[in-house]
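A short worksheet on the structure shown next.
The values are calculated or read from the model by the stated rules, or taken from the named source; none is laboratory data. Keep in mind that what you see is a predicted model, and the values were worked out from it rather than measured. Please note: Cβ atoms are built from the backbone with ideal geometry, for glycine as well, and neighbour counts cover all protein chains shown.
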Amino acid sequence: MVRFIVRFAVLLLLLSSPAFAGDVNIYLADARSETNRHGQSRFRTISFELMGRPKFSRFVERYLPDARLGVDIDYADVRQPRSWFGYTYGDPDDSVRAEWAHFFVRQYWRTSSNMRPYVDVGTGPMWSNRRIPAATSKLNFNSQLGLGLALFPNTRLPLYVGYRFFHISNGGLTGRNPGLNVNGFFVGTRVR
């Protein structure tokens with residue numbers, strides 16, 4: 001928890017710098033993995049997102065004129081089976097803390113409307129204090145696809161709602177690499 005607070009303080013310092021000119025959003029999410037032979041995992045997540053227009057990338061501006069580039073830092077409380085064998089032998093759930101950085105591209109449509117749909121795609125590294133799933137790896141990669149709706153995006157406090165799919169895998173760094181497919185819903189708003 002102390003490391004998370006230190007990282008959050010560094011994030012706030014970066015946001016206060018004049019070099020950063022973009023939106024800062026905060027999201028809460030609840031997600032669950034698909035049930036498989038290893039059981040099911042539940043993710044309760046808070047996300048801090050930095051997003052701006054890609055002024056430095058003519059390629060993105062040319063082919064995706066309403067796109068934004070961003071990064072988010074996520075903290076998740078994960079409940080998962082403690083054992084690789086899931087619930088087969090009556091093992092209880094384990095509580096795991098996970099953090100990840102997610103680098104993404106988000107494309108908006110209907111940019112002059114009060115209901116602005118979007119899709120984003122991205123990936124990034126993920127760290128946890130215990131292995132996710134059990135008996136695999138503490139270091140994983142989290143690739144995500146999100147579908148969302150920005151309600152009243154030009155107001156002081158717009159509302160963001162949507163669905164997110166993410167795939168967690170260690171990329172073959174360890175002997176076991178079953179991966180997790182996770183589905184969840186989020187809600188958020190802009191804080192700057």
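Yes/no per residue for (1) more than 16 Å from L50 (Cα to Cα); (2) among the small types (G, A, S); (3) touching a Cys at 6+ places or on another chain (Cβ under 9 Å):
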{"site": "V78", "(1), (2), (3)": "yes, no, no"}
{"site": "F103", "(1), (2), (3)": "no, no, no"}
{"site": "A134", "(1), (2), (3)": "yes, yes, no"}
{"site": "L157", "(1), (2), (3)": "no, no, no"}
Revision key, fill the gap. If we keep only residues of segment 113-127 that are surrounded by 14 or more Cβ atoms within 10 Å (Cβ to Cβ) and hydrophobic (A, V, I, L, M, F, W, C), then the residue farthest from Y75 (Cα to Cα) is V119
Point to revise | Complete set of residues in segment 30-52 that are part of a loop (DSSP other than H, G, I, E, B) and at pLDDT below 80 | key: R37, H38
Check your understanding: From the list Y87, Y27, Y75, which one is modelled with pLDDT under 65, of a type outside the set (A, V, I, L, M, F, W, C) and either surrounded by 15 or more Cβ atoms within 10 Å (Cβ to Cβ) or within 18 Å of G124 (Cβ to Cβ) (or both)?
Key -> Y87
**Study point:** Only listed residue being surrounded by fewer than 17 Cβ atoms within 10 Å (Cβ to Cβ), under 17 Å from D23 (Cα atoms) and free of Cβ contacts under 8 Å to residues at least 40 places away in the same chain, chosen from R130, R192, R110, R156
**Key:** R156
